[in-house]
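The values are calculated or read from the model by the stated rules, or taken from the named source; none is laboratory data. Keep in mind the model is a prediction, meaning the values are calculated, not measured. Reconstructed Cβ throughout: ideal geometry from the backbone, glycine too, with neighbour counts over all protein chains shown. We work out accessible area using only protein heavy atoms, side chains counted, and drop any ligands, DNA or RNA first. Shrake-Rupley method; radii C 1.70, N 1.55, O 1.52, S 1.80 Å.
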Amino acid sequence: MQVNEILKSAAEKLNAAGIETPRLDAEILLAHVLNCRRLNLYVDDKKILTGAQISRFENLIEGRLKKNPVAYLVGNKEFMGLSFAVTPAVLIPRPDTEILTQVAIEKLLPLGEVRFADLGTGSGAICVSILKFVKGATAAAVDISAEAIDCAKFNAQKFGVDDRINFYCGDLFAPLAGQKFHAVISNPPYIPTNDLENLQAEVKTEPRSALDGGADGLNFYRRIIGGAPKFLTGGGFLAVEVGINQAAAVKKIFAENNFVGVEIFKDLSGINRVVLGIRD
């Protein structure tokens, strides 16, 4: 089969199964099999595929038909212009989270040598990206999942920042006793428990522990914001990603814990996505 033929057939199958972006998904999966850019699929659309390539592609399409996310199927996801390894043990990095990362970078860059903590590091996308852009930074990356820590370590090594990260397997601040940081960053679980069953099938394949924010979605904010002051240096900041319509409630939790200069930052869709506060 030619590239254009197999793409057309695969996109039709995905479309019939209710996949939202059938052609795009088919192109990403085929480009992965051929180890090329998606553009090459159009430049060389009459290329004849080998039997092995067809078999591998069809296996990936079958995985997508079962609602496995494309990122898990190909094993990577782009974030902040970097291609991060991802596994089913970690949340797939999303464009919205680039806002949290960019805000942290902008705040940390002028400070020179700084140390920050990344709570719930997952794939390490936030932490590693910050270290790539803030050369004077070192980090403590924490996750309750040992498998997630393994993924984050791989990415840290891949991008050459592993010598500036200490990894801790544990629950939020628990493994960081006695340490101080110029900043604490977190994209915590924030989906209300009762909303989990209404998520897209693809999202349901991601780790529940990385999604479930408790009854009102705010459990982790209470714990992180309440615990952060004793781990922050004077003038240090805490920045967290929030879900839709959560920013006001999270800002209130910041105020209740004596943070000052609390700011809210919008994502590219105009949704309040990040809340940042400074330790008094």
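Return yes when GLY234 is open to solvent by 10 Å² or more (accessible area, probe 1.4 Å) and either acidic (Asp, Glu) or in a helix (DSSP H, G or I) (or both) and no when it is not. Here the answer is no, as GLY234 does not meet what is asked.
For ASN4, the conditions (1) loosely packed, with under 15 Cβ neighbours inside 10 Å; (2) out of contact with any Asp or Glu (no Cβ under 7 Å at 6 or more places or on another chain) all hold with the exception of (2). Summed over region 237-261, residues that are assigned to a strand (DSSP E or B), of a type outside the set (D, E, K, R) and crowded, with 18+ Cβ neighbours inside 10 Å total 5. When we screen VAL86, VAL90, VAL114, VAL142 for residues that are within 16 Å of GLY236 (Cβ to Cβ) and either aliphatic (A, V, I, L, M) or open to solvent by 30 Å² or more (accessible area, probe 1.4 Å) (or both), the only hit is VAL114. Do you know which of the residues in region 9-20 that are modelled with pLDDT of 95 or more and open to solvent by 50 Å² or more (accessible area, probe 1.4 Å) is farthest from GLU202 (Cα to Cα)? Here the residue is GLU12.
Yes/no matrix, rows are residues, columns are (1) more than 12 Å from the chain's Cα centre (by Cα); (2) closer than 17 Å to VAL161 by Cβ:
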| site | (1), (2) |
| --- | --- |
| VAL86 | no, no |
| ILE92 | no, no |
| THR101 | no, yes |
| VAL114 | yes, yes |
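A residue that is part of a loop (DSSP other than H, G, I, E, B) and either open to solvent by less than 50 Å² (accessible area, probe 1.4 Å) or in contact with an Asp or Glu (Cβ under 9 Å, 6 or more places away or on another chain) (or both) cannot be found anywhere in region 52-62.
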